[in-house]
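Below: the structure, in structure tokens.
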2 protein chains.
Amino acid sequence: MRFNETLEQIKIYEAGKPIELVVREFGIKEEEIVKLASNENPYGAPPAAMEAVKESAAKIHLYPDDSMHDLKRALGERFGVESFNIIVGSGSDQILEFAARAILNSDTTVLMSRITFAMYEIYALQQGAKIVRSGCYRHDLEEFYELYLKHSPAMIHICTPNNPTGDAIDREYLYSFLEKVRDSLIVVDGAYMEYAAYKDERKRIDPKDIIDRFDNVLYLGTFSKAFGLGGLRIGYGIAKREVIENLYKLRPPFNVTSVSLKAAQAALGEIDFVNSTVQKSFSQMERYVNYAIKRGFEYIDSYTNFITYIFDKELSSKMISESLLKRGVIVRDLSGYGLNGIRITIGTPKQNDILFEKLDEVLNGY
Amino acid sequence: MRFNETLEQIKIYEAGKPIELVVREFGIKEEEIVKLASNENPYGAPPAAMEAVKESAAKIHLYPDDSMHDLKRALGERFGVESFNIIVGSGSDQILEFAARAILNSDTTVLMSRITFAMYEIYALQQGAKIVRSGCYRHDLEEFYELYLKHSPAMIHICTPNNPTGDAIDREYLYSFLEKVRDSLIVVDGAYMEYAAYKDERKRIDPKDIIDRFDNVLYLGTFSKAFGLGGLRIGYGIAKREVIENLYKLRPPFNVTSVSLKAAQAALGEIDFVNSTVQKSFSQMERYVNYAIKRGFEYIDSYTNFITYIFDKELSSKMISESLLKRGVIVRDLSGYGLNGIRITIGTPKQNDILFEKLDEVLNGY
């Protein structure tokens, strides 16, 4: 057996630690663990989505509707696009994977921000593509344009709001970049768009607007964040028909469960619930901003349901996150991204109380 | 944008038609449709699995345990292997995809039966690999060995029982082949193994036995068939650690939903339920054998929960399956596989009553 050479340089992505792991490793009771590491919606899924899951139980022996007819129609109505402009994946992650496999090979380059979603790199490496990163972790699109001219990337990743930093770019600023770059496939990842659009209308990227104007842009959205369906693995891509058809060639049949399809459709009917959780999240975020100011931490103004604290040299993000973990609080250490910082999901008021209590303990005992 | 050349030769896999599609296309009421096209377990999922789905509803906002710790332990106990010998996928399909992407490229060849599971070819084409097929649709392993010597395939697919034909090979016959082929990755797809092992102990392939003896074999199993979880997309691969680790490099994080993980674990605790449905299926299969004899059809002796009828020239499998479809009965036409036949899932007694009634109608009016 000879495995393909590209595998040699691939590292396994370390996902946010699940509650089960902390229960097993530290013997902490499940109900005492506060998980603020994976940017789930702490207020839970929309009630109708939970109901849809229960109702699906009687039919789990049947394969899903592989045409995803009903969900695509609901998404089409939400965004004002046609079903043939939509591809549904096992998380928007899977659409990223399809895009990488459709476009990249060992002769191509992919451009992305210095600090951005880890899977962009992993999928590119799986294809043996060369990776070029901006120097600035914010999406400095002038720098992106220079790098584009220099490297002619086959694919460009723009994550707005950006994960794991939380900053977002203005729509008009993005458009001025898109107007100049007409050949690369540009993936605009809006996994946290519901948050950004709520906080500041100028950050709202509308997929219909995008595909009406640009043939080479793939917009990604997900049900895992504001829509509260992280456990069900469902997201979507929206683009011009030609792009979607090519991605479809790489879509395995039945790539999303029947339960997830039903739940996502139900969730789309609960926009008011979703918006109310987004509002609560930003209301709680003020506490995190105040905490950072009080402690003298640098923080990034966030357009998402998480906040990123950046520490001075005296503090180690790795030690802080490990100390929190032992106390049953899971946050995301960003040292793997080259940032001495932690990313904290904005939790429920009670979860945030515990986070601040435990973070006080860790910092006061540092 | 330039899409990779390998996409040009890929056709989209046509999955079995879902009930929803027949409702939409023919205006037949959902409760009147009999779906015998996708080899689901017609007796439904094990009750504990349905219960697990309902119980998971409250936590669908949380990402799955990406280590899949509990399910791997349960699978490990069932098969007597270690967790590091197991990879869990979104159906065993996804493990096939990982294997193709790990091993194949445009300089490699893959060997498979003339008529076998369609995804083997599709994943190979996605990698640009060359496909060699046996002349015989049964797994004639002498022929396979000759083709192996001639083409040095990087990967060999053995599907036992075979889909869509239903025949199975003897364990000792397989072993004598595996002993001679020590370099290719050999994928032994046991998606219907619970049926074959029940009907004839000589057909049982034990994954532990396989990996104890052969370093280059990947065994696949699924929860979609006998275990009744087709809608939840969950299957597994079992192999030596080195193989699993390489496949893991291509596994996207959270590739299986939290609901599916819980349901699969619950299903493993209901072996008696599963076996009782397998027994019922073979008991009903006698009716299908008798029907074929009465009608003078050729049929393939089946080790699965489906039966394949092969027609003489006077009958067209395409017309028969379309005529059944208009009557609300969904079966699988095999003309796309180069076989003038249909594959029928053995349904519940009532479903089978309807199938025979409608098939009589179609044949008598032919």
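Using a 1.4 Å probe and ignoring any ligands, DNA or RNA, find the accessible area of B:ASP209 and quote it in Å² to the nearest 10.
Accessible area of B:ASP209: about 50 Å².
Local charge sum around B:PHE356 (other residues, Cβ-Cβ under 14 Å, Lys/Arg +1, Asp/Glu -1)?
Around B:PHE356, the surrounding residues sum to +1.
What is the mean number of Cβ atoms from other protein chains located within 10 Å of the Cβ atom of each residue in peptide A:100-108, rounded to a whole number?
3
Residue by residue through A:66-77, how many Cβ atoms from other chains fall within 10 Å of the Cβ on average?
2
Sum up the charges of everything whose Cβ sits under 13 Å from the Cβ of B:GLY166, counting Lys and Arg as +1 and Asp and Glu as -1, but leave B:GLY166 out.
Residues close to B:GLY166 contribute a combined charge of +2.
Roughly how much of A:MET68 is accessible, in Å² to the nearest 10, using a 1.4 Å probe?
The accessible area of A:MET68 comes to roughly 10 Å².
Please work out how much length the chain gains when fully extended from A:ALA58 to A:GLU31, using 0.36 nm per residue of separation minus the C-alpha to C-alpha distance, in nm with one decimal.
Here the answer is 6.8 nm.
Ordered shortest first, which distances in nm separate the 7 Å Cα→C-beta label point of B:LYS318 from those of the other copies?
The projected label point of B:LYS318 is separated from its counterparts by 6.4 nm.
What average count of beta carbons from other chains do you get within 10 Å of the Cβ of residues in A:37-46?
Mean partner-chain Cβ count within 10 Å for A:37-46: 3.
Need one number: nm distance between label points at A:ASP272 and B:SER283, each 7 Å from Cα along Cα→Cβ, rounded to one decimal.
The two pseudo-label positions are separated by 5.2 nm.
Distances from A:TYR248 to the same residue in each other copy, label points 7 Å out along Cα→Cβ, in nm, shortest first?
Going from nearest to farthest copy, the values are 3.7 nm.
Rounded to the nearest 500, what is the 222 nm mean residue ellipticity of chain B from helices alone, with -39500 (n - 2.57) per DSSP H run of 4+ residues and division by all residues?
-12500 deg cm²/dmol
Could you list the residues of the stretch B:341-358 with an amide nitrogen less than 16 Å from a label point located 7 Å from the Cα of B:SER335 in the Cα-to-C-beta direction?
B:341-343
Using a 1.4 Å probe, how large is the accessible area of A:GLU82, given in Å² and rounded to the nearest 10?
Rounded to the nearest 10, the figure is 100 Å².
Scan around A:GLY89 for amide H atoms under 5 Å from its own, H built in the peptide plane at 1.01 Å from N, and keep only partners 5 or more places away or cross-chain.
Under 5 Å from the amide H of A:GLY89: A:GLY235, A:TYR236, A:GLY237.
Going through the cross-link list B:LYS35/B:LYS350; B:LYS35/B:LYS130; A:LYS199/A:LYS240; A:LYS318/A:LYS358; A:LYS130/A:LYS313, which pairs have a Cα-Cα distance over 23 Å in this structure?
Violating the 23 Å limit, Cα to Cα: B:LYS35/B:LYS130; A:LYS199/A:LYS240; A:LYS130/A:LYS313.
Quick query: amide H of A:CYS159 versus all other amide H atoms, modeled in the peptide plane; which residues come in under 5 Å with a sequence gap of 5 or more or a different chain?
A:ASP189
Which distances, in nm and shortest first, link the B:PHE282 label point to the same label point in every other copy, taking 7 Å along Cα→Cβ?
Reported distances to equivalent positions: 6.4 nm.
Under a Cβ-Cβ cut-off of 13 Å, what is the net charge of the residues other than B:ILE86 that fall near it, where Lys and Arg count +1 and Asp and Glu count -1?
Value of the local net charge: +3.
Looking at chain A as a GNM with Cα springs under 10 Å, which of A:ILE86, A:ILE346, A:ILE33 has the largest mean-square fluctuation?
A:ILE33
The values are calculated or read from the model by the stated rules, or taken from the named source; none is laboratory data. Keep in mind that this is a model prediction, so the values were computed, not measured. Note that each Cβ is placed from the backbone with ideal geometry, even for glycine, and that neighbours are counted across all protein chains shown. The accessibility values were calculated without ligands, DNA or RNA, using every heavy atom of the protein model including side chains. Shrake-Rupley method; radii C 1.70, N 1.55, O 1.52, S 1.80 Å.
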